Amino acid sequence: MEVATSKALQDKLYDKRKAGALELEAIIRSALAEGNHDRIAKIVHQLCHDYAYAVHQPHARNGGLIGLAAAAIALGAEVARYLKEIVPPVLACFSDQDARVRYYACESMYNIAKVAKGEILLYFNDVFDALCKLAADTELSVKNGAELLDRLVKDVVSESAATYASILTPDAVVADSEASPERSVEIPTAFSLPRFIPLLQERIHVLNPFTRTFLVSWITLLDSIPDLELVAYLPSFLGGLLKFLSDANQDVHTTTKVALDRFLTEIKKIAAVKKGIDESRRSREEDRDRKTSGSSQAVAVDSPESGQAEPEHFTYEREETLVEPKAQNGEAGDAEADGGSSLTASDNEDKDDGEIDDEWIPGQDVQIDYQRILDILVTFLSESNEEEVQLTALRWIETFFEICPDEILLFTPRLLAQLLPALSHDVDHVKQAANRVNQALMAYIMSLPEEPGKANGSAEQAQIATQVPAIQSPAPSSMSIVPTVRALAIVNSEPRRDTAPTGKPLRKPETPEPTEPPSRTPQAHTPEPQLDVPPHSDLDYEAAVNALTLQFLHEHEATRVAALAWLIMLHRKSPRKILAIQDATFPALLKTLSDPAEAVVTRDLLLLSQISKSSDDSYFTSFMVNLLKLFTTDRRLLESRGNLIIRQLCLSLSPERIYRTMADCLERDSDDDVEFASIMVQNLNNNLITAPELQDLRKRLRNLDARDGQTFFTVLFKAWCVNAVATFSLCLLAQAYEQAYNLLQIFAELEMTVNMLIQIDKLVQLLESPVFTYLRMQLLEPERFPHLYKCLYGLLMLLPQSSAFAALKNRLNSVSAIGYLHIAPRTGVPATPSAVSTFERQNRLRQSKEGTLGDTGPKWTELLEKFRQTQERVRRSQQRSQFGGQFDGMDEQQRAASPAASAGQQQQQQKRATVTLPGESAGRPESAGSLGRPGAGVLAGHAKGKGSLSSFGRLTGAGGGVRKAGKK
C-alpha cells in the first residue's frame, strides 16, 4: 500500500479510515485489471498482519477490518482465492474486548459475505460459531450488527447450501470426473451438514435465551431446505430442543415447539411416502408374478436369465437419474428426461412401470434413526418433570406407533417404567396422553404373534420359544431392567447398527446391493432401508415384568392397577413366558394383597388365579401355603380382606380345590398356631355358608350319598375340628344332623368361652338366612329328621338369654306341636321305618355293603374322636397362653401337679365317663345311629353340661368353670 493510504487506515477518525479504504479499493481494482496478483496478495497480507491482528492498536484493527472489506469488494468474483487470508483475522476480531471492534468485524464480514456469496460457506462453521456468541452480546449495536450478518448468511445458505460447490475444487476430484465420463462423480458442496452437526451438538446445551432463539432459528432454516435432509440428524440435537421447552422465556418456548412440530410432521410424511412406495412396489411385483405365471412354457424357460440381468441394468440407470439433478443444480426436468431415456434402453422392462419407478419423491431416501429418537424421548420422560416436555415426548411416542411400532417394542420395559407413573400425573393433559400411549402399546403387544419364528433356531428352541426369550439369561431374577433392554437392542438391531448418520449425506451413484432401493446418501452414514427390518422383535418379558413389579410400590392407585393390568395381559398372551420368571414376582404379588386399594387386590388375585390355572399342582399348593402364611403374619389383612380374597379366588379357580388345599394345610399346621387356625376356619366356614360364589359347593356338601361329597366333607371336618362352632355348622350344612347332635354332647363338656358364644349367636342368625331354607323346611318332617330338633334345642340350651336365644326359640315354638312327639326315640319299641332317620338308614345301608361304598363313607366315630382330640389340643393351648409364665421352666411332673393341670385331668376323666357310647360295645363303631341313642353316660353328660352353663357368669376367671365342673 501507499504510505498515505496506510496512514489513513490507522487514523482515529472513521471518515478518514473510510477514505483510505476507498483509495485501497481503487488500488486493488487497478492491480486486478493488470493481473498483478502478487501485489494484491501482499496488500491482503499487510492488512491482516499489520492491521487486523494489531491487538493493542484498536484504530489500526478498525482500519484493517474496513480495508479487508474494501479489498473483497474490489476483488469481486476473484475474492474466492483470497478468502483463506481474509476471513480468519475478521473472525478473530469477533472476540475482541472492544465493542466497536466487534461491531466493525460484523460490518466487514457482512461486506465480505455479500461479495463471496456461496464461497463463504466454506467457513460456515466459524462464522456460525462467532454469531452464536454475538447473539448473547451485551452491547446493543454489536447485537444489531450480528443480526444483519446472520440474516445475510441465512439468505446465502438458503440459496446455495444444497447445491453450491466451491470453484476451488481439488484437482483430483475434477480429474476423476473427467477420466470417468460414464459415471457421475459427486463434487463436494461448500456447505457440509455432517461437519456442522458436531458444532450444533456442542452449542445446543447453552442456557442463554437469545442464543437458544438463534439456534432454533437456524435449525428451522436448515430443515426448510429439502435437499439437506436435516431430519436424518435429528437425534444429534433433539435432546437440546426438548430442554428448550422448559425455558422460562416465552419466545424460546414457542419457537422450539413450532420446530418440534415441524420435525414430527416431516417424519410422518416421510413414513407415508415410504409406505406408499413399498405398497406400489409390492403390487407391481404381484402383477409381474401373475403375468409370468400366465406366459407360455417356452417363455418361462428363458425368463430367469432376463430376470437376473434386468434388475442390475435397471438399478444402474435409476442411480444415474437420481444423481443427475444434483450435478445440474436440481433441474428436475433434466432428471426426468434422463430417466425416460434410460428406461427406454431397457429391453425387457415395461415402460410404464419404469417411469413410475424412476420418479423421485421427496423424502423417499431419508433414513431416520427411530431407535435413537425413542431412546431420547424415554430418557426425557424419566428425567424431566416439566409438563410440556412430558407432553411432547408422549405425543411423539404415540405418533411413532403409526410409523415404527416394532422399534418401540425394544423400549417397552423402560417405557413402562415411566409411562405408568404418568397415568397418575397431576395434570390432566399429561394423564390423558399417557393413557393413550398405554392403550396403544398394549394393543400393539396383543397384536403380536404368539410365537415368532426364529430363522436360525433349532427345533428344541422352537418348542420352548414361548417360555424364555432367546436372548435372556438363564437366571431371570439376577438381571436388571436396563441391561436386558440393551441386550435386546444389540440382538434385534444387528443389521441396523450404523443407524446414526455420522458423515456427509452425499448421493452416491452405486448401491451396495442391486436389490435394495438406491440411496441418495452414502451407506456408511445412513441407516439401512426399513424393508430389511424383521416384522417385529420379540418382547423382553423378563425386563417388562421387572419394571411392572417395581410399580407395585408406587404411591398412586392408578399406577398400581395399570401395572397389574399389564401383567394380566402379558400372562394371557404368553403364560409360559411369565411362568418362567414367576419365582421373582410371586412374593411381590403376595405382598400386594395387603394393598389398601380394593381394585389393586382384585386384579392381583385375578393374576394369581391365572398363573395358578396354567401351572401345575405344586404351584397352586405353594400359593395356598404362602397365602396362609401371609394371613398368619398379617392378621389385619385377614380381618379386613380375608373374605374378599377367598371369594375372588373362588370366582377364578375351583372352590373345592381351594377349600381342599387350605383344609389340608390347616390340619397339618394347626398345632403350630391353634388360634390362627381357628380364626381361619371361621372365615372359611362363613364364606362357605354365605358366599354366592360357593353355591355349587354347598350343594355338593348336602349330597353325602356321593363319594365325592363324602370325601370332601371328611377333609373339611378334620380341618374344621379346631373350631367347634364351625364344625357344628358344617354338619348342619351337610345335613349330618345326628353327627351334629353328637358334637353338641361334646360341647357340653367344653368350657364355653365368649368367642364360642359369639359364634353360636352368629350361627343362629345365619339359620334365618336363605341359605338354610331347606333346614327350616325340614323342621316340618320330624319323623325324617328327629336329630335336627335335638340340634336346634341343644343350641338353645347353650345360648344365654339374648336376642339370638329369642329368635331361635320363636322358630322352634312355631313347630313345637309337631316336634314334641318326635324329639326322643321311643325306648323298648322297635323302630319303625318312619321313626328311623334317613341319615341312619343311609349309614346302615353303607355298612351292609362290605367292600363297596361303605368303605369310603364318613367314619363318624373316628371323626368324633378327631374332634375330641383337637379340642383337647385347643384347651391345652389356651391354658398355655393363660398360664404361660407359670408353666415356663416346669418339668412334666410339676405341670401335672399344678392346679390347672389337675383340673384338666379331672375334666378329661369325666369326658371318658361321659362319652362311653353303647354303640361302641355293640360291634358297630362306625354307626352314627347308635351314637345318637341316649344312655347313662349321655344323661350324665347332660347333667354336667347344666352345671357348666350355670357357671357362665364366671367365665372370665381362669378355668373357673372347669374346676367347678370337676368338683361336682
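Could you state the accessible area per residue of the range 1-115 in Å², with a 1.4 Å probe and every protein chain left in place?
48 Å²
Of the listed pairs Lys269/Lys431; Lys573/Lys613; Lys12/Lys84, which have alpha-carbon separations greater than 20 Å here?
Lys269/Lys431; Lys12/Lys84
Among 78-88, 226-236, 410-420, how do they line up by average Cβ neighbours within 10 Å per residue, starting with the highest?
410-420, 226-236, 78-88
Stretch Ser293-Glu85 to full length: gain in nm at 0.36 nm per residue minus the Cα-Cα span?
That works out to 68.0 nm of additional length.
Say each of Ala272 and Val427 gets a label point 7 Å from the Cα, pointing the same way as Cα to Cβ; how far apart are those two points in nm?
Reported label-point gap for Ala272 and Val427 is 2.8 nm.
Please report the net charge: other residues with Cβ closer than 14 Å to the Cβ of Met756, K and R +1, D and E -1.
Value of the local net charge: -2.
Show me the ranking of peptides 656-668, 194-206 by mean Cβ neighbours inside 10 Å, starting with the highest.
Ranked from most to least packed, the peptides come out as 656-668, 194-206.
Note down the nm distance, to one decimal, between modelled labels 7 Å out along Cα→Cβ at Val258 and at Ala443.
3.3 nm
Using only the Cα atoms of the range 549-667, build the gyration tensor, take square roots of its eigenvalues as a ≥ b ≥ c, and label the shape rounded, prolate or oblate: rounded if a/c is under 1.5, else prolate if a/b is larger than b/c, else oblate.
Oblate shape, in that a/c is at least 1.5 and b/c is the bigger or equal ratio.
Output the peptides 382-395, 115-128, 633-646 sorted from most to least packed, where packing is the average of other Cβ atoms within 10 Å over each peptide's residues.
Highest to lowest by the protection proxy: 115-128, 382-395, 633-646.
How long is the gain from His45 to Arg636 if the chain were fully straight, where each residue apart is worth 0.36 nm and the alpha carbon distance is subtracted?
This chain segment gains 203.7 nm when fully extended.
Using a 7 Å offset from the Cα along the Cα-to-Cβ direction at both Thr399 and Asp126, what is the distance between the two label points in nm, to one decimal?
Label at Thr399, label at Asp126, 3.8 nm between them.
Contour minus end-to-end for Leu13 and Gln801, with contour as 0.36 nm per residue of separation and end-to-end as the Cα-Cα distance?
Result: 271.6 nm gained on full extension.
Around Asn435, under 12 Å between beta carbons, what's the net of Lys plus Arg minus Asp minus Glu among the other residues?
0
Please work out the Cα center distance from the range 560-617 to the range 637-694, rounded to the nearest Å.
After rounding, the separation between the Cα centres reads 20 Å.
Once the Cα atoms of the range 636-698 are picked out, what are the Rg and Dmax in Å?
In order Rg, Dmax, the Cα atoms of the range 636-698 give 11.5, 32 Å.
For the range 1-141, state the semi-axes of the equivalent ellipsoid (square roots of 5 times the eigenvalues of the alpha-carbon gyration tensor), sorted largest first and rounded to whole angstrom.
They are 23, 19, 11 Å, listed largest first.
The values are calculated or read from the model by the stated rules, or taken from the named source; none is laboratory data. Bear in mind the structure is a predicted one, so any value in this text is a computation, not a measurement. So basically every Cβ, Gly included, is an ideal-geometry build from the backbone, and we count neighbours across all protein chains shown. To get the accessible areas, we keep the full protein, side chains included, count just its heavy atoms, and leave off ligands, DNA and RNA. Shrake-Rupley method; radii C 1.70, N 1.55, O 1.52, S 1.80 Å.
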